[in-house]
Amino acid sequence: MSAPLLEIADLDVAFHGDGTPVQALSGVSLRLDPGQVLCIIGESGSGKSVTLRAMMRLLPERRARIGGQISFAGRDVLAMTDRQLRAMRGREMAMIFQEPMTALDPVYTIGAQIAETVRRHLGGTQAAARARALDMLERVGVPSAARRLDAYPHELSGGLRQRAMIALALSCGPQLLLADEPTTALDATVQIQVLLLLRRLQAELGMGIVFVTHDLGVAAEIADRVAVMYAGRIVEEGSVAEVLGRPAHPYTAGLLASSVEHVAPGAEIAAIPGAPPDLRALPPGCSFAPRCRHAVAACDATVPPPVRPGPGRMARCFTPLGFAPSGHAVEEHVA
Amino acid sequence: MAEGMSIAPAALPAAPGARRRRNTYWGEVGGKLIRQPGAMLGAAMLAVIVLAAIFAPWIAPFDPNKGSILMRLKPFFFRGHLLGADELGRDMLSRLIWGGRISLAMGVVPVLIAMLIGGALGLTAGFGGKLANTLIMRVMDVFYAFPSVLLAVAIAGAMGGGLIDGMIALTLVFIPPMCRVAESATAQVRNLDFIEAARATGAGGFSIVRHHVIGNVLGPVTVYASSLISVSVLLSAGLSFLGLGVQPPTADWGLMLSTLVPSIYVVPWVCALPGAAIFLTSIAFGLLSSGLRAAMDMRGA
């Protein structure tokens, strides 16, 4: 087994503000091998974006209490100094955002913004950095890249802007790309183009991608592995075909059932009843139990430990669907 | 740019604006400014006033400080005095031309200094955390408690009056509003995605402030500063009128207005001239400023 590119163990994040602390993440564990694409799926507030920001230590230092371990390429991210973090961000680990309009600085041209990052990490002259920016824009498929170099973000369409942001993120050749819903704000046709682009670049550059989305279709399109989050916990993880094809956790099954694809117009959409729990007062047991049709008494008492319903799969559930009940489940160390 | 168009001529036929230089933000703002009639009118008026002030020694027909007892309070076109003469028989046109120097300096210099100091304070307050913010903004609030005219008069009066003292007084009056504009712009920019995106590319705090915060705060601060210039022209005229600005016999519009007021029933048109000059200069800066605001609104394009 090769060394993982990214390994997260028991990550806890709580935000301390004026009121009750908000437990954004509880015991998140993840692993990403080099060149792999992991999709984190979940609804708003489930902790997807917080997980992503924790990996890069972008959470506000004062308010966010972080526990657990994050190791990236064998280094402890949580122990890094500011200087080490700055050297890592953008160089080895880069990030793209949901809204390319607001994530690009409106007063600088695309070329200037890419060149700034290139010079920060790789040094060299302004001309060399510009040449690299041009090269990157061409690689991400921006038409007439030489002209776009001098364009401001507002002069580009949404799809081109997102391509420019991808060019910016990849300009220093990162090993890991963090993508925070990069296709959510785009038109459906552009969405597919950007996904295909990311897949192609991922294969060309051999980088790992952690891709956050709430769109199961997007996940099916790009992911090797999928992690499903609910109320700050990863409730299910496994290969994309297994998780989306044969979900083990009732929440995943509910997500799949509530998809609008293949539903006749006017037909009832199978929504999951209830609402996610308040992160300021998490229930002692499984967070999904109050909404779960398969819940048993044990679900309300303790948080279900991870079980392994199949090779390379994990689910936090006492009654995984389509598998033997948890009495027969194999504990983590056995797998 | 040229090779880009030769690579894909079909996809992008030469756009009409393609030839225009748009390599810099300010280049683009200038391009939009030129297409606004109001702003261009203001710019034209300012050009006349500024050129007249610069070339005052060559274009003023008479010595601005030399009067003749025979010429006192003469009307327009009296013996070569195109715009008449003042209460000491000095040529009005020459004095107006020379007075433009003081008025323009008093309009621009305090605003520029206040922009530097107030801008820096506002950035610090907006980006430096809660303590710095409270400290700076509450001190500014104290200054806000006084009406600006009163504050300028009080400061200039306490320091004794004169050109430099007047400038210092106006600068102090303009620092608080400038600081407030810079602070609120900084606070807005601070929470935008591209600041986090810049952090995600490895930018440090200093580099973020220098590039991304100042770059985005400069726009609103510049627009606000340009609107303050007309206020500064008016206030400095007010200070001179009260005898707290430049001292006689220096030609200054505010001071001229003040010394001519008693003669308003004798030669009303002549006495109105300094006021008209103040008014026109203030209007010119105002027009240019509102044009600038419209031109800098990038996203509204």
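Brief remarks follow.
- The set of residues in the stretch A:141-162 that are more than 10 Å from chain B (Cβ to nearest Cβ), polar (S, T, N, Q) and surrounded by 19 or more Cβ atoms within 10 Å (Cβ to Cβ) contains only A:GLN162.
- Any chance A:GLN126 is within 10 Å of chain B (Cβ to nearest Cβ) and open to solvent by 40 Å² or more (accessible area, probe 1.4 Å): no
- Filter result for A:ALA133 (in contact with a Gly (Cβ under 9 Å, 6 or more places away or on another chain) and at the interface with chain B (Cβ under 9 Å from one of its Cβ atoms)): no
- Only one of the listed residues (B:SER232, B:SER226, B:SER282, B:SER236) is in a helix (DSSP H, G or I), closer than 25 Å to B:ARG180 by Cα, in contact with a Lys or Arg (Cβ under 9 Å, 6 or more places away or on another chain) and of a type outside the set (D, E, K, R). That residue is B:SER226.
- If you check B:GLY126, B:GLY119, B:GLY215 for being under 30 Å from B:VAL29 (Cα atoms) and in contact with a Lys or Arg (Cβ under 9 Å, 6 or more places away or on another chain), only one passes: B:GLY126.
- Any hit, the stretch A:78-94, residues being more than 9 Å from chain B (Cβ to nearest Cβ) and farther than 21 Å from A:MET56 by Cβ: no
- Consider the stretch B:139-162 and keep the residues that are in contact (Cβ under 8 Å) with a residue 12 or more places away in the chain and within 18 Å of B:SER230 (Cα to Cα). The one that is least open to solvent (accessible area, probe 1.4 Å) is B:ALA152.
- Among the residues here, A:ARG119 qualifies as more than 7 Å from every other protein chain (Cβ to nearest Cβ), free of Cβ contacts under 8 Å to residues at least 40 places away in the same chain and of a type outside the set (Ser, Thr, Tyr).
- Residue check for B:ARG210: touching a residue at least 60 places away in the same chain (Cβ under 8 Å), more than 9 Å from chain A (Cβ to nearest Cβ) and surrounded by fewer than 23 Cβ atoms within 10 Å (Cβ to Cβ): no
- Total residues in the stretch A:169-206 satisfying the condition of being within 16 Å of the chain's Cα centre (by Cα), open to solvent by 20 Å² or more (accessible area, probe 1.4 Å), more than 14 Å from every other protein chain (Cβ to nearest Cβ) and over 27 Å from A:ARG119 (Cβ atoms): the figure is 1.
- Search result, residues across the stretch A:309-335 that are under 23 Å from the mean Cα position of the chain (by Cα) and at pLDDT 85 or above: A:ARG313, A:MET314, A:ALA315, A:ARG316, A:CYS317
- Close pairs from the stretch B:41-55: first open to solvent by 90 Å² or more (accessible area, probe 1.4 Å), partner among the acidic types (Asp, Glu), Cβ under 8 Å, at least 6 apart: none
The values are calculated or read from the model by the stated rules, or taken from the named source; none is laboratory data. Small disclaimer: the values here were computed from a predicted structure and weren't measured. Using ideal geometry, Cβ is built from the backbone for each residue, glycine included, and neighbour counts are taken over all protein chains shown. Ligands, DNA and RNA are excluded from the accessible area calculation, which covers all protein heavy atoms including side chains. Shrake-Rupley method; radii C 1.70, N 1.55, O 1.52, S 1.80 Å.
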